[in-house]
Amino acid sequence: MIPYGKQEISPADIDAVVEVLKSDFLTQGPMVPKFEKTVADHVGAEYAVAVNSATSALHIACMAIGLGKGDWLWTTPITFVASANCGLYCGAQVDFVDIDPKTYNLCPVALEAKLAQAKHENRLPKVVVAVHLSGQPCDMEAIAALAKEYGFKVIEDASHAIGGKYQDEFIGSGRFSDITVFSFHPVKIVTTAEGGMAVTNDAKLAERMNLLRSHGITRDPALMTHEPDGPWYYQQVDLGFNYRMTELQAALGVSQMERLDAFVARRHQLAKRYDQLLADLPIVLPWQHPDSYSGLHLYVVRLKLNSISRSHREVFESLREQGIGVNLHYIPVHTQPYYRDMGFKAESFPNSMVYYREAISLPMFQGLTEDQQDEVTGALRKALGEE
Ligand SMILES: *Cc1c(COP(=O)(O)O)cnc(C)c1O
């Protein structure tokens, strides 16, 4: 089976991890700060806080912003559940904004309309989580303008987007948001097995996230309520978690980061080749905003169901039967039973539902060979009945 995504581990990656195993620190040593600095420097952010997953990063990002009971978090239905769940973890309520049918990202026009309505009803969001689906950045300039006008904070869920650019700056520079979150799960662009990171230019937010990832405990006298009792002393000043990343993960991350730009460039090569090989098929190819450089975590095609005799499910099943590990990103979050029970109706977000009925993610990862890619496109041709 050719998977839809797969990590690429080099001998240097393995050496880096083995090196840590032979060292004094398996956790809370020098590698985590080094990984944080590597990512922050690469994307152009002041501060970085590494954690054990992007889900944890989203959680402490929301907490650092002060999201809580009585607040609202808004995001897109077309994302992984974690982009919404982070709001619920904080006791806040979650709502959604429909997608733009061209980019599949949260639609700024729909956002503006919903904000105007919410203002009227006195239930404006405190946080909007903008998800860069497939690695293509959201219209951050428009979202940032609305954030200013309506007074909400913006978290970029850039789990798909490390190494990508928006308006010539790396995603994570923080020009249009408060905090940006990356995921290092093995299917993502760069991996630490499990892992995530939050980057920001706000010293206070960074300090808060730093506390929250490790029990709310500090050893910094400046953050304590009184002088330390002695050299052993630490203080719990907030209720945090154990969301720490290990030294092994950080070492793998540092080593992987050296190849980030090459990984993304390779993904662009593959996307261009898919674009050419699939141009004549009854499918919609991914549209790229001219002002952006996608991280290209995913390559999503949409079936033109009116032009083919097969159903979406038949095409999907045929691809799986032919050994192509296609996937579907994502089942709209508001249709998950847990969210349905809160009262969400599927058709409240019609563009998301249309997308869900047509989308298929083809294999896209740096190690995909051209032979494998030919196998994928041949299988898709067959699945569509175009052979
Ligand atoms: C993968 C992913 C997450 C969660 O990442 P983990 O590191 O697995 O917690 C969150 N949001 C999006 C959009 C993702 O793709």
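Give the accessible area for Thr55 in Å² (nearest 10); use a 1.4 Å probe, count only protein heavy atoms, and leave out ligands, DNA and RNA.
40 Å²
For segment 125-280, go through all pairs of different Cα atoms, get the mean of 1/r, take its inverse, and jot down that Kirkwood value in Å.
Taking the inverse mean of 1/r over all distinct Cα pairs, segment 125-280 comes out at 17.9 Å.
Given the C-alpha centroids of segment 144-189 and segment 317-352, what is the distance between them in whole angstrom?
24 Å
Provide the gained length on full extension for the span Gln28 to Lys272, in nm with one decimal, where the gain is 0.36 nm per separating residue minus the Cα-Cα distance. Could you put the intermediate results ahead of the total?
Working: separation 244, 0.36 × 244 = 87.84 nm, distance 4.19 nm.
That works out to 83.7 nm of additional length.
Mind checking the dipole of the chain: about its Cα centre, +1 per Lys or Arg Cβ, -1 per Asp or Glu Cβ, Debye to the nearest 20? Walk me through the intermediate numbers first.
Numbers: 35 positive and 47 negative charges, 149 e Å.
I would put it at about 720 debye.
Just to verify a number: FRET efficiency for Gln167 and Met224, C-beta to C-beta distance, R0 = 41 Å, to 0.05?
Calculated transfer efficiency: 0.50.
Quickly estimate the mean residue ellipticity at 222 nm for the chain, helices only: each DSSP H run with n ≥ 4 gives -39500 (n - 2.57), and the total goes over all residues, rounded to 500. Provide the component values of the computation, followed by the final result.
Numbers: 13 runs with 144 residues, N = 387.
That comes out to -11500 deg cm²/dmol.
How much of the DSSP beta bridge set in the chain is antiparallel, as a percent to the nearest 5? If you can, show how the numbers build up before the last one.
Values: 25 of 41 bridges.
Given both bridge residues lie in the chain, the antiparallel proportion sits at roughly 60 percent.
Among Ala110, Ala84, Ala198, determine the one that fluctuates most according to a GNM of the chain built with springs between C-alpha atoms less than 10 Å apart.
Sorting by GNM fluctuation, first place goes to Ala110.
Quick one: give the max-minus-min coordinate of the C-alpha atoms of segment 260-384 along each principal axis, largest first, in Å.
Here the Cα extents, ordered largest to smallest, are 46, 35, 25 Å.
Quick one: what do you get for the chain if you divide its Cα Rg by 2.2 N^0.38 Å? The partial results should precede the final answer.
Details: Rg = 21.5 Å, N = 387, 2.2 N^0.38 = 21.2 Å.
In units of the 2.2 N^0.38 Å rule of thumb, it is 1.01.
The values are calculated or read from the model by the stated rules, or taken from the named source; none is laboratory data. On a predicted model such as this, the values are computed, not experimentally measured, just so you know. Cβ: placed from backbone, ideal geometry, glycine included. Neighbour counts: every protein chain shown. Calculation scope for accessible area: heavy atoms of the full protein, side chains included, ligands and nucleic acids excluded. Shrake-Rupley method; radii C 1.70, N 1.55, O 1.52, S 1.80 Å.
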